[in-house]
Structures are given as C-alpha cells and as structure tokens.
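Before any comments, here is the structure.
The values are calculated or read from the model by the stated rules, or taken from the named source; none is laboratory data. Everything quoted here is computed from the prediction, not taken from an experiment. Ideal geometry is used to build each Cβ from the backbone, glycine not excepted, and the neighbour counts take in all protein chains shown. Areas reflect the complete protein model, heavy atoms only, side chains present, ligands, DNA and RNA absent. Shrake-Rupley method; radii C 1.70, N 1.55, O 1.52, S 1.80 Å.
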Amino acid sequence: MYDRDYLMRLINQTSVMLARIMGLKEQQKPEQALEEIDEFLGKELRMRARLALGLSDSDLIGMLSVGGVPNPEMIGTLAAFLHEEGDLLRESGRANDSLPRYEKSFRLIVHVLATNGPIDGLKLEERAETLLAKLAPYEAASTTKRAAWSWLELSGKYADAENALYELFELKAVTSEEGNAFYDRLSELADETLAAGGLPRAELDDGREQWNLLAGETAS
C-alpha cells in the first residue's frame, strides 16, 4: 500500500497544480498549462494523458492500484487533470480532443465516488456534475452512459437514473438483472427520499412493473 504521507503529499501537490492551471487559464496560456499538466502526471503518477486515453478503464485502474487494490487518490488526481485538459483543449477550439478526456474523467470520477467517496481537495462531486452537463449535448459511449446512470443514482436523482436505465436498455447496454437490482435498491429507500429524488414510491412501483414487462419480453 502507498504510504499515507505520500498520498497526502500527492493531494497537496495536486491542489497547488490545479491552482497553477487556473492561473494559466486566466492568463490565456493554454499550451503552457497543458505542458505543465503532462509533466505533473508523468512525475507524480508515471502516467500521461495519451496513455490513459489509450487504456481501457479497467486496465487504467489496474495500473493505479497497489496489491490489486485501486488507489482512489491517484485515480481521482488523474481524473481531475483529464477534466482540466478537456477544458483547455475545448477553449483552444479542439473540442474533438476534449470529449475523450471528459468521458474518461467522468467514468473515473464516478468509480472513485462509488467505491470510496469524495476526496478532499479534488471536488469530485462538483466535477461529476459539471462533466455530465458538458457531455449532455453529445452522444457518449455506452460505458459513459452507464457511469451517468450510476452517478444519477448515487447523487439521489432517482427519476433521472430511471430514465438513464431505459436509455441503456434501448442500447442493449444493461441486463435485466441489473435493472432488477436497481429497483431493489431504490425500494429499500424511505418514501421521503424517493420523493426528493423525483420518483415517488407509486411511480417506482409502476416503473418496476414496466421494467419486468420489457425485460421479460427481451429474455423470452
């Protein structure tokens, strides 16, 4: 396992570098900011954005693991800088290059939040919301749509999560068992919690019934 002192230093250094990148943005020096991000990732994580984008999420998480255990601070740090790179590229008129970074960053952030929770200094929950909004106008990969489904449930937006489930169903990117598990999880919540998430229990029950019909037809 990584020493806690190392991880604390990593988060502190990340916070300093994020402030540095913000300053370079304000000075309209995107190329310098991109260079400094690349140098930082190479030094602190032995990782470059180009390498991260070329790996599957599972392989990338595996590289940022110790003893087979994913390291949330390292994954969150990489995700934060992929987000920043995406912004810099988009502001430089290179939207096509920004989108893969946004998607990868979003999926990694959701992974960290779902398995570990927030990390001080990285603002992962805020980044997830921001990235979801930035990706909304585009047709994202099914893996990103699945991450969005997870994030919507995790953040208590249950009606939106249900809509995401049906979108994934249309894409054949979710199984009937996963849908059943989703409804099982939500059914255990208090009525007030469901209502606050836009999905009162009566609507949840209707949704489960509809899901059972559709999933049953698909399985038959």
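Just to verify a result, which residue in the range 130-154, among those that are of a type in the set (S, T, N, Q) and without any contact (Cβ under 8 Å) to a residue 60 or more places away in the chain, is nearest to Phe81 (Cα to Cα)? Break it down stepwise before answering.
At the first step, the residues of the range 130-154 found to be of a type in the set (S, T, N, Q) are 130, 142-144, 150.
Now restrict to residues that are without any contact (Cβ under 8 Å) to a residue 60 or more places away in the chain: 130, 142, 144, 150.
On the way: Thr130: 14, Ser142: 23, Thr144: 18, Ser150: 22 Å.
Top of the filtered list is Thr130.
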Determine whether the range 103-111 contains at least one residue that is open to solvent by less than 50 Å² (accessible area, probe 1.4 Å), of a type in the set (Val, Ile, Thr) and within 18 Å of Thr14 (Cα to Cα). yes
Right, Leu132: part of a helix (DSSP H, G or I) and open to solvent by less than 20 Å² (accessible area, probe 1.4 Å) or not? no
So how many residues does the range 114-159 have that are closer than 23 Å to Ala190 by Cα and basic (Lys, Arg)? 1
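Which fully enclosed helices (runs of 4 or more DSSP H) of the range 144-220 have 2 or more residues being under 30 Å from Leu99 (Cβ atoms)? Give the steps one after another, and end with the answer.
Numbers: elements: 158-170, 176-187, 191-196, 201-219.
Here the list reads 158-170, 176-187.
Scan the helices (runs of 4 or more DSSP H) fully inside the range 1-83 and keep the ones with 3 or more residues being open to solvent by less than 50 Å² (accessible area, probe 1.4 Å). Walk me through how you get there before you give the answer.
Values: elements: 4-26, 30-44, 49-54, 57-63.
In the range 1-83, the matching helices (runs of 4 or more DSSP H) lie at 4-26, 30-44, 57-63.
When the residues of the range 160-172 are filtered to those that are open to solvent by 20 Å² or more (accessible area, probe 1.4 Å) and touching a helix residue (DSSP H, G or I) at 6+ places or on another chain (Cβ under 7 Å), which remaining residue is farthest from Gly198 (Cα to Cα)?
Filtering the range 160-172 down to residues open to solvent by 20 Å² or more (accessible area, probe 1.4 Å) leaves 160, 162-163, 166-167, 169-172.
Still in the list and also touching a helix residue (DSSP H, G or I) at 6+ places or on another chain (Cβ under 7 Å): 160, 162, 167, 169, 171.
On the way: Asp160: 8, Glu162: 10, Glu167: 18, Phe169: 21, Leu171: 24 Å.
Checking each candidate, the answer is Leu171.
Can you name every residue in the range 90-130 that is of a type in the set (S, T, N, Q), under 12 Å from the mean Cα position of the chain (by Cα) and over 18 Å from Asn71 (Cβ atoms)? Full working, then the answer.
Going residue by residue through the range 90-130, those that are of a type in the set (S, T, N, Q) are 92, 96, 98, 105, 115-116, 130.
Those left that are additionally under 12 Å from the mean Cα position of the chain (by Cα): 105, 115, 130.
Within the range 90-130, Thr130 is the sole residue that qualifies.
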